[in-house]
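Below is one structure, written out as structure tokens, with a few remarks after it.
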Amino acid sequence: MSEAEPFSLPYISEFINGLVRTSPKNRLPLVNLSAIFSEALVGIADGDDPLFEQYKTVIGAYHLTPREVLEYKAKLAGRTVERDISVICWALPFSKEVKRSNASREITPSLKWAYGTRFGEQFNHEIRRSVERLFEDRGILAAAPVLTGNWRRIEDLPGGHTSNWSERHALFAAGLGTFSLNDGFITEKGMAMRCGTVIANTSLPKTPRTAKTHLDNCLYFSSGACGKCMDRCPAYAITAEGHNKVVCRKYRDVLFEDALHQRCGVEIEAGECGLCQTGVPCESVNPAGRADSK
């Protein structure tokens, strides 16, 4: 990094993708040690973007703003939050091998997908901690929201579980994509991915948000020409009305998680089955963007 261009987007992107290329945690254990994720997409949102206040209405009053997250960490550290706040966001597309293995499944996820979601999130935590340190080592207060003490999962809502910090909504603020019928998030490299965020108390160059609506990349909403994720869902949890998280989670917890433990030979939390994210037009691309470019 040059002194003239500290913390540029290319520098932060290269820092994260250096971990993607070299970290042993980005490997499928107990299978073949191939990569879990391919190269990440990185964007930056303004921590005081009005969208984050709107999320308190769209998601719930419990949803934290970037400033609230950083103020919590600052209080623990005996520091104060300065004026400028930026949210570093990344999307980690699953590797072709992981996606291909899951696209062939119809009832339960593939082993590679199950391992990828579980161990891939451990690698994602490594990225979060590393990006935090990248700023903290230079005296800049930084916090990965899901690793702070005030992050919590909220289980008892009528619409299903959620949390008080949505990384997908932060990615939308950073212009990295839009939402879909199945509640997934479609980036330029598709929906089959994991994502992460770190909030830093500094001004960084923001990435543009060009979507006209929060559903632009979903073919079902943009043209009515899809709905493949409905066909792919073995729990029938996705309809024209959207994604029923209660039905989805019950399918995971009751119908396939025990069987998956037996297949894996180790205790492993499967997370989502991911069938609606693979074997669909938006698995690895932004299908709406691709159609527009022809």
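Among the residues in segment 106-114, are any surrounded by fewer than 19 Cβ atoms within 10 Å (Cβ to Cβ) and basic (Lys, Arg)?
First, the residues of segment 106-114 that are surrounded by fewer than 19 Cβ atoms within 10 Å (Cβ to Cβ): 106-107.
The next check asks that each one be basic (Lys, Arg); those that pass are none.
Among the residues of segment 106-114, not one is surrounded by fewer than 19 Cβ atoms within 10 Å (Cβ to Cβ) and basic (Lys, Arg), which makes the answer no.
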Given the conditions (1) buried (at least 17 other Cβ atoms within 10 Å of the Cβ); (2) more than 19 Å from the chain's Cα centre (by Cα); (3) over 22 Å from Val146 (Cβ atoms); (4) not basic (Lys, Arg), every one holds for Asn102 apart from (2)
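So that you can scan it fast, the table gives a plain yes or no per residue for (1) modelled with pLDDT under 95; (2) buried (at least 22 other Cβ atoms within 10 Å of the Cβ); (3) in contact with a His (Cβ under 7 Å, 6 or more places away or on another chain):
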{"site": "Thr187", "(1), (2), (3)": "no, yes, no"}
{"site": "Cys218", "(1), (2), (3)": "no, yes, no"}
{"site": "Met230", "(1), (2), (3)": "no, no, no"}
{"site": "Gly242", "(1), (2), (3)": "yes, no, no"}
{"site": "Lys245", "(1), (2), (3)": "yes, no, yes"}
In segment 21-33, anything surrounded by fewer than 19 Cβ atoms within 10 Å (Cβ to Cβ), touching a strand residue (DSSP E or B) at 6+ places or on another chain (Cβ under 7 Å) and either charged (D, E, K, R) or at pLDDT 95 or above (or both) is listed as Arg27
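When you look at Glu106, is it over 26 Å from Val198 (Cβ atoms) and outside any helix (DSSP H, G or I), yes or no?
Numbers: over 26 Å from Val198 (Cβ atoms): yes; outside any helix (DSSP H, G or I): yes.
Yes.
Condition (residue is crowded, with 20+ Cβ neighbours inside 10 Å, assigned to a loop (DSSP other than H, G, I, E, B), on the phi < 0 side of the Ramachandran plot and at pLDDT 95 or above) applied to segment 261-275: is it met by at least one residue? So that I can check it myself, show each step before the final result.
So the first thing to find is which residues in segment 261-275 are crowded, with 20+ Cβ neighbours inside 10 Å, and the list is 270, 273-275.
Filter again for assigned to a loop (DSSP other than H, G, I, E, B), leaving 270, 273-274.
Subset that is on the phi < 0 side of the Ramachandran plot: 270, 273.
Pick out the ones that are also at pLDDT 95 or above and you get none.
Checking segment 261-275: not a single residue is crowded, with 20+ Cβ neighbours inside 10 Å, assigned to a loop (DSSP other than H, G, I, E, B), on the phi < 0 side of the Ramachandran plot and at pLDDT 95 or above.
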For segment 56-79, the count of residues that are touching a Leu at 6+ places or on another chain (Cβ under 9 Å), at pLDDT 95 or above and of a type outside the set (D, E, K, R) equals 3
Pairing a residue in segment 204-229 that is on the phi > 0 side of the Ramachandran plot with any residue that is hydroxyl-bearing (Ser, Thr, Tyr), where Cβ atoms lie under 8 Å and the two sit 6 or more apart in sequence or on different chains, gives Gly227/Tyr220
Within segment 58-96, the residues that are within 14 Å of Ala200 (Cα to Cα), touching a residue at least 60 places away in the same chain (Cβ under 8 Å), surrounded by fewer than 20 Cβ atoms within 10 Å (Cβ to Cβ) and among the hydroxyl-bearing types (Ser, Thr, Tyr) are Tyr72
Among the residues of segment 118-160, the number that are within 16 Å of the chain's Cα centre (by Cα), at pLDDT below 90 and closer than 19 Å to Cys276 by Cα is 1
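The values are calculated or read from the model by the stated rules, or taken from the named source; none is laboratory data. Worth saying up front: this structure is predicted, and the values here are computed from it rather than measured. Ideal geometry is used to build each Cβ from the backbone, glycine not excepted, and the neighbour counts take in all protein chains shown.
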